[in-house]
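Undergrad: Quick one: the structure is below, and I'll ask about it shortly.
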Amino acid sequence: SSLFSFVVHLQMAQLQGICPGHTKGVRQLSFSQPSVDGVFLASACQDCTPMLRDGDNGDWVGSFVGHKGAVWSTHLNPDATRGVTGSADFTWRYWDATTGAELRSVATEHAVRAVRLSPSHDRVAVAGNSKTLSIYDLNSPESDPISTGVGPDVVKAVMWSPDGAKVISDGGSPSSLQTWDARTGAVVQSISLPGPVRDLDQQNSTLAVATPGHVLIFSMEDGLRETSRIEMKTDITSACLQPRSVGGKTLLVVGEAKDYSVGLHDVASGDQVAKLTGHHGPVHCVRFHPDGAHFASASDDATIRLWVLDKQVLE
């Protein structure tokens, strides 16, 4: 099987480059959309210093300096002019991603584990060890956030609905997904899952939910509606859908906790089509580049690896 996986590896994807610079585990990645200056990649890291890179080649662009604790989460707006980060230092921060200047720092009562800018880029959803979900209006810094108790668990993942009217989170119970009205904080939908949420990622109007043994795909068109469920043979930490189909297939990339590998799966069949190795620690996050041909993996080994699908896959 080792020869077979090696052959598959050669035919599916290969390492494009390794991004050094961080000194501790890299926890989350966020690609921008294509902008006049290109595509950018932000990384949240336990070394307290999130970084911005060229999303095409991984070259360092700048660092966001100010956090005093591990940074668990980051999100860039589509044109990479603004970014948001959440940290174990009990703050979330809003940044000018073109200069690295801190635009706003907001103290919270507990560590922040998840941050996400709204589709209109004027609000930010913040959650974490407080077991609450808070929505802040970036246009009125003086106003109080809309906060709602999620509990009983720490909230580690948040995502907006495409229309910005709702926020999706874990934390309501050990294995469930909640949808909240962003205006009132009321629960509008609750979905039981086969395990705790490890990661949420949205591509267009599709949500990928990673649990340890499954990836669930939901349509977000009208509430959340499960469209497929892919069983995983290993303990996974992260999942990301290809933003656009290439070569007639849609691929799913997953990060694996135990053997430190990155897996590629065919969404239609669920089959693993490639296993990519090289990280020296658990893979915490995987994300596709908006072109659908490249993807990145972030690991506890303090590196980000950039991968490219082979040409015959893309044809």
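The values are calculated or read from the model by the stated rules, or taken from the named source; none is laboratory data. Please read these numbers as outputs of a predicted model, since none were measured by experiment. Using ideal geometry, Cβ is built from the backbone for each residue, glycine included, and neighbour counts are taken over all protein chains shown. Just the protein is used for accessible areas: all its heavy atoms, side chains included, with ligands, DNA and RNA removed. Shrake-Rupley method; radii C 1.70, N 1.55, O 1.52, S 1.80 Å.
Undergrad: Charges only on Cβ, +1 for Lys and Arg, -1 for Asp and Glu: so what's the dipole of segment 161-250 about the Cα centre, in debye to the nearest 20?
TA: With only Lys, Arg, Asp and Glu charged at Cβ, the dipole is about 160 debye.
Undergrad: Helix-derived [θ] at 222 nm for the chain: sum -39500 (n - 2.57) over DSSP H runs of at least 4, divide by residue count, nearest 500?
TA: Taking each H run of at least 4 residues, the total per residue is -1000 deg cm²/dmol.
Undergrad: Follow-up. Between Ala274 and residues 5 or more places away or on another chain, which pairs have amide H atoms under 5 Å apart, with H built 1.01 Å from N, and which residues are they?
TA: Counting only residues 5 or more places away or on other chains, the set is Leu264.
Undergrad: As an exercise, identify the trypsin sites (Lys or Arg not before Pro) in segment 256-315 lying in DSSP coil whose Cβ has no more than 13 other Cβ atoms within 10 Å.
TA: Counting only loop positions with at most 13 other Cβ atoms within 10 Å, the trypsin sites (Lys or Arg not before Pro) in segment 256-315 are Lys258.
Undergrad: Continuing with this model, one more query. For segment 18-150, with only Lys/Arg (+1) and Asp/Glu (-1) charged at the beta-carbon, what is the dipole magnitude about the Cα centre, in debye rounded to 20?
TA: Dipole size: approximately 460 debye.
Undergrad: Have a look at Val254, Ser43, Leu309 and report the one farthest towards the positive end of the charge dipole of the chain, computed about the Cα centre with Cβ charges (Lys/Arg +1, Asp/Glu -1).
TA: With unit charges placed on the Cβ atoms, the residue in question is Val254.
Undergrad: Rounded to a whole number, what % of the accessible area of the chain do carbon and sulfur atoms account for, probe 1.4 Å?
TA: C and S fraction of accessible area: 50 percent.
Undergrad: Could I ask something else about it? Just to be sure I understand: with springs between alpha-carbon atoms less than 10 Å apart, which residue in Ile230, Ile146, Ile168 has the highest mean-square fluctuation in the Gaussian network model of the chain?
TA: Sorting by GNM fluctuation, first place goes to Ile146.
Undergrad: Just how many pairs of Lys in the chain have C-alpha atoms closer than 23 Å, counting pairs that are eight or more places apart or on different chains?
TA: Within the chain, the lysine pair count is 16.
Undergrad: Quick check: the angle from helix 2-12's long axis to the longest principal axis of the chain, C-alpha only, nearest 10 degrees?
TA: 70
Undergrad: How long are the semi-axes of the ellipsoid equivalent to the chain, from square roots of 5 times the Cα gyration tensor eigenvalues, in whole Å, largest first?
TA: The three semi-axes for the chain are 29, 23, 17 Å.
Undergrad: In addition: Can you pull the three principal axis extents for the Cα set of segment 25-124, in Å, largest first?
TA: That works out to 38, 29, 20 Å along the principal axes.
Undergrad: Using the eigenvalues of the Cα gyration tensor, what equivalent ellipsoid semi-axes result for segment 77-229 when each is taken as the square root of five times the eigenvalue, whole Å, largest first?
TA: Whole-Å semi-axes of the equivalent ellipsoid: 25, 17, 14.
Undergrad: Anyone know which of Ala88, Ala127, Ala239 comes out most mobile in the 10 Å Cα GNM of the chain?
TA: Maximum fluctuation in the GNM of the chain, among the listed residues, is at Ala88.
Undergrad: On to the next question. For the peptides 217-226, 154-163, what is the packing order when you average, over each peptide's residues, the other Cβ atoms within 10 Å and list the highest mean first?
TA: Going from most to least packed, we get 154-163, 217-226.
Undergrad: Apply the Karplus parameterisation 6.51 cos²θ - 1.76 cosθ + 1.60, with θ equal to phi minus 60°, to every residue of segment 66-74 and state each ³J(HN,Hα) to the nearest whole Hz, in sequence, with x for glycine and proline.
TA: Using θ = phi - 60°, the values come out as x, 5, 10, x, 3, 9, 9, 8, 8 Hz.
Undergrad: Same structure again: Where nothing but the Cβ of Lys and Arg (+1) and of Asp and Glu (-1) is charged, how large is the charge dipole of the chain around its Cα centre, in debye to the nearest 20?
TA: 380
Undergrad: Rolling a 1.4 Å sphere over the protein heavy atoms, what is the accessible area per residue of the chain, to the nearest Å²?
TA: Ligands and nucleic acids excluded, the figure is 41 Å² per residue.
Undergrad: On each of the three principal axes of the Cα atoms of segment 250-315, give max minus min coordinate, whole Å, ordered largest first.
TA: Result for segment 250-315: principal-axis Cα extents of 33, 22, 16 Å.
Undergrad: In whole Hz, what ³J(HN,Hα) sequence does segment 236-250 give by Karplus (6.51, -1.76, 1.60; θ = phi - 60°), x for Gly and Pro?
TA: 9, 10, 7, 8, 8, 7, 4, x, 8, 5, 9, x, x, 10, 10
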